[in-house]
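Asker: Input: one structure, supplied below.
Readers should treat all values here as calculations from the given coordinates under stated rules, not as data from a laboratory. Please read all numbers here as calculations on a predicted model, not as lab measurements.
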Amino acid sequence: MGKSLKFIQCRASDSSVSTYSDKDWTKAVEVNLADFAKSVFHIDLDGHGIFIRIENTLSTSVVIDTNADFDFFVSSQIISDSTGLYFQPLCECLEKILWGIAYNKKGKAPQTGDELHYVLGNAVVLHTLKPFGWLTEKPWLTDEYIVCIPVKMWIEKSKG
């Protein structure tokens, strides 16, 4: 399926870049992001990509290439009773990307008028099932879903 799963397993296990390094990433699975975006958002990221302009301050282009050389990942998690599965955190990850909120913290933050270009891999989902001791009032919440999307990104600076 490409480089997505290996990239996330390596980066998410690295305690210097991930708060999820204590998890067993060998149990993670890959989810086809193009299919998810088509079925849920009715957008075609597979080969075509999309372009979004947020007022006149930020432009974002997004395509999927599961064989890209990724720079970082966007993640979100949820603890649930398994009814929502990984839908919410996957949508949260996509929202961070589509609205230009996610960027490589090793670089500079995007500025007004910049164009952000994202190349995404497939989503990687890790599901763990265990009681969470700190949720004593809600013992039925036993499922944790962590969703990570690998990203390659560059910024074209505003010409203004």
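Asker: Going by amide H atoms built from the backbone, whose H comes under 5 Å of the H on residue 43, apart from near neighbours?
Answerer: HN-HN under 5 Å from residue 43: 38.
Asker: Using alpha carbons only, what's the Rg to Rh ratio of region 4-130 with Rh from Kirkwood?
Answerer: With Rg and the Kirkwood Rh in hand, the quotient comes to 0.96.
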